C-alpha cells in the first residue's frame, strides 16, 4: 500500500517539551526564561531545546507539556502559557493525584479493526515496526500468508473485516502499541483483555509466549471464519438481569458479553434475535453489530473439537510477570484449568467485562489505557467507573477517526501531567530518526 492509496489525514508529529515547577507562578517564570534563552541564542533548533529540556525533573507538583513543531511555534505557545490562555496543545496539571497512579492496560476484542490501521506507526517507529514484522514472519512460517501484505493492501481489495485476518492483525497492533508505550516509560501494573484481547494480555503478563499468543489468534480466527453468516449480534442498553426476561425458553440466543451496568450484547440466530429486537421498547438503545460471525454463541460448538486439537500442545508459563485479570471468570486469573479448556471457555462463554473491571477497581487501579486500534471499550469503562466516588483516568491509544499518532500523543501528554514518569527523551529522539510528517487514515 502506498501513501496515496490511503484516504489519509496529514498530521505533523510534534515534539513534546516539558516544564515543571513547585507552583504555577514558578512555572511561568521558567517559561519566560525559555523565551529569553531563545532570544539570546537564535541558532538554537527545536532539537536542541528537546535535548536540553527532556530530562526536566518530573517530581515537581506542577507539570506542563507543550507540543511544538518549531522554535517559533514553541515560543508562541510559551507566550500563550504566560498569558494564562487555553490552548489545545498545551497540557498542564496543578493538582497531584491523591493516590499513586496504578495503570491497567485493557486489550480490546473483535470489532475495532479498520483498513490501514497501524500504517503510520509502522512507518515511523522502529519499536512498533519490529513487532509487526515478527508477527508477519511467524504467520508466514506457520500459516503461509503475509500479515504485512494483508494489513497494508489497497482499500478496494482489503480483507480487514474478515475474522481470519482481523484477529491476528489486532494482536499485532496491540503488542506493537504495548511495546511503544513501554518504550516511552508507560508500564502497566495489570492487564486484562476483552474476549480475544485476552491473548495479548496473557502474553504481556508472561503466561504465553509471543508465538503462542499469536497462533491462538491465527487458529481461532481461521476456525471462526467457517461460521460466517451463521448468526448475528445485537447490542442492547439494558442490564443483564432485565435481559434475561427476553431469553426465557430460547436456546438459540444467549448473552455474549456483559460490558457495563446497562450494556449487554446478545448473540444468536437471526430470526430469534429479530423477535427480541422487536420486543425491546423503542426508547431502549438497540443496535445490530456489523459482524457476520456469532461470537460466543451456541454455533461455536461446531468448532470446539478442531480448536482443542489445534491448541492441544499449548502450555502456561510458571508465573505472571504482572497482575492478570480474566474476562472469562471476572476475577484475577489463576492457573486452575488447562490452557485448552481456558481458551475454549474464552471462545464460547460470555465475556464478563463488567465484573472484571469492577474487580480491577477493587484492587486499586485508577488509570485505564485501552490498547487497540480504536476506543471501543472506553464507553463501558466510563459507565462502570461513574458509579464510584473515585476519580479515574480513562485513555485511548488509537482512534480511527483521528490521525493515528495524534491520539496516542494526547494520551501520553495527559499521563505526564498526571505524574507518570514518561521518557520524553526517547520520545523526542524517535521523531528525529525519520521524516516527521505522518500520514495515516
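Miscellaneous remarks
- Breaking point among (1) over 30 Å from the mean Cα position of the chain (by Cα); (2) over 12 Å from residue 230 (Cα atoms); (3) at pLDDT 95 or above, for residue 302: (2)
- Per the listing 173, 139, the residue uniquely surrounded by fewer than 24 Cβ atoms within 10 Å (Cβ to Cβ), in a helix (DSSP H, G or I) and assigned by TED's automatic domain parsing to the domain that holds residue 332 is 139.
- Selected residue (only one of 305, 249 is assigned by TED's automatic domain parsing to the domain that holds residue 209, free of Cβ contacts under 8 Å to residues at least 24 places away in the same chain and more than 30 Å from residue 187 (Cβ to Cβ)): 305
- Those helices (runs of 4 or more DSSP H) of the range 335-441 in which 2 or more residues are modelled with pLDDT of 95 or more occupy 339-348, 353-362, 378-385, 404-418.
- Residue count for the range 190-203, restricted to those that are farther than 16 Å from residue 339 by Cα and part of a helix (DSSP H, G or I): 0.
The values are calculated or read from the model by the stated rules, or taken from the named source; none is laboratory data. These numbers come from a predicted model, not from an experiment. A quick note on method: Cβ atoms are made from the backbone with ideal geometry, for glycine too, and the neighbour counts reach across all protein chains shown.
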